[in-house]
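In what follows, a structure is listed as structure tokens, so that the remarks can point back to it.
The values are calculated or read from the model by the stated rules, or taken from the named source; none is laboratory data. Remember, predicted model here, so these are calculated numbers, not experimental data. All Cβ positions, even for glycine, are placed from backbone atoms using ideal geometry, and neighbour counts span all protein chains on display. Note: areas computed on protein heavy atoms with side chains; ligands, DNA, RNA excluded. Shrake-Rupley method; radii C 1.70, N 1.55, O 1.52, S 1.80 Å.
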Amino acid sequence: MLRLLVSLSVLLSYFRCCFSDASVVTTCSGIVPMRYRNDKISIADFGGVGDGRTLNTKAFREAIYRIDHLRRRGGTLLYIPPGVYLTGSFNLTSHMTLYLARGAVIKATQDTNNWPLIPPLPSYGRGRERPGDRYMSFLHGDGLHDVVITGENGTIDGQGDIWWNMWRQRTLQFTRPNLIEFLNSKNIIISNVIFRNSPFWNIHPVYCSHVVIRYVTILAPADSPNTDGIDPAYGRPSSDITIRRVTGSSPFAGIAIGSETSGGVENVLAEHINLFNTGVGFHVKTNIGRGGFIRNITVSDVYMENVRKGIKIAGDVGDHPDDKYDPNALPVVKGLTVKNVWGVKVQQAGSIQGLKNSPFTGICLSDINLHGVTAPLSPPLKCSDVTGTAFKVNPGACSELTSSQQTGSCSNYF
């Protein structure tokens, strides 16, 4: 089950990306070309053993050292044959393709001594869960360009249960590692790979541009903590993001924006989304002290089934790491369009709750039908400190959203 389909909960510098399953769409998934590498090597050439027991950290690091230092024209493809390759975390390099054959598994060791520590993100200033340093992601890249992770639906397995248990038992010394993290990188493609059991977030592009993620499957148990699917991250603007043709389930949110908004999130399009057995279908969350903005967001053509709450746009979400936030830093939320949504077995239609001193404006709901579990329709939306319009919303929209009789009345804020 997809633990969290897509979470834009932390922000990214001038982020241009696409989460999609269709390379033919011209909006974004073709912005990074899929490179053909003439130079090819195998992890077996460096002593890699796919028996699920042998530790292959040395083999992976030597293979990538070879790619980095020989710098073949057009880059190099590192082939991972069928088998289970246990390894510690390792760094990627530019101009490389990591290619997982069908039946290939790159599996993370559960020995925490094999996970190096790195500084926290400069914009965050501390570990996400614990003060100080954080564990390096399983696959890591900083300052890279022209990197492809692909194959024949091979698997990258974080073996996250040891980390989840430390989190539950409150014995973590440092913030848990992500499965894949790119920092300050560009021209990245991640496709045709299965991601399983991440210790923390799955795919974490930070301060990146031109990132395409498509044809991926992200799996984790329903009770695994914070195993978000895709998290662009923190403290700088995130903009021009397309999320298309995503299917999955999560006990939390299908598509989430926030709660960290200090850098701002704008120009996001999410469409053709199918959600099953999910906590909240579409969730925008922020709070006093977050600052920044969320604007020009369009969510369209969504099907949801067996969902606790269809739509939640909230200005009262906590999650401050400490009490040192600025109570005068009020987020601005404007220009959110949600249209063409059909829900079955939706317990609550949802709520839109702005901030008294920073009301949410330009909210538009159009052609929304949310059917309840036992009744024909879910209970109506609840709203406060919000302005906007509503057209063909069932159950009825709240009085704060003025009713429009014009077909297609939602302004196209995106």
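Table: residues versus (1) over 22 Å from Gly362 (Cα atoms); (2) open to solvent by less than 10 Å² (accessible area, probe 1.4 Å).
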position	(1), (2)
Ile273	yes, yes
Asn277	yes, no
Ile288	no, no
Ile294	no, yes
Asn306	yes, no
Gly315	no, yes
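Taking the conditions (1) in a strand (DSSP E or B); (2) open to solvent by 10 Å² or more (accessible area, probe 1.4 Å); (3) not basic (Lys, Arg) in turn, Ile241 satisfies each one other than (2). When Pro232, Pro205, Pro199 are screened for being open to solvent by less than 20 Å² (accessible area, probe 1.4 Å), in contact with a Pro (Cβ under 7 Å, 6 or more places away or on another chain), under 27 Å from Gly289 (Cα atoms) and at pLDDT 90 or above, only Pro205 passes.
Residues in the stretch 66-105 that are among the small types (Gly, Ala, Ser) and open to solvent by less than 10 Å² (accessible area, probe 1.4 Å): 5 in all.
I'd like to verify a number: residues in the stretch 357-399 that are of a type in the set (S, T, N, Q) and free of Cβ contacts under 8 Å to residues at least 12 places away in the same chain, how many? Final tally of qualifying residues: 1. Select from the stretch 249-271 the residues that are hydrophobic (A, V, I, L, M, F, W, C) and open to solvent by 20 Å² or more (accessible area, probe 1.4 Å) and write down the one among them that is farthest from Pro237 (Cα to Cα). Ranking the candidates gives Phe252 first.
Quick check on the stretch 149-196: of everything there that is open to solvent by 10 Å² or more (accessible area, probe 1.4 Å), part of a strand (DSSP E or B) and among the β-branched types (Val, Ile, Thr), which residue is nearest to Leu78 (Cα to Cα)? This residue is Thr150.
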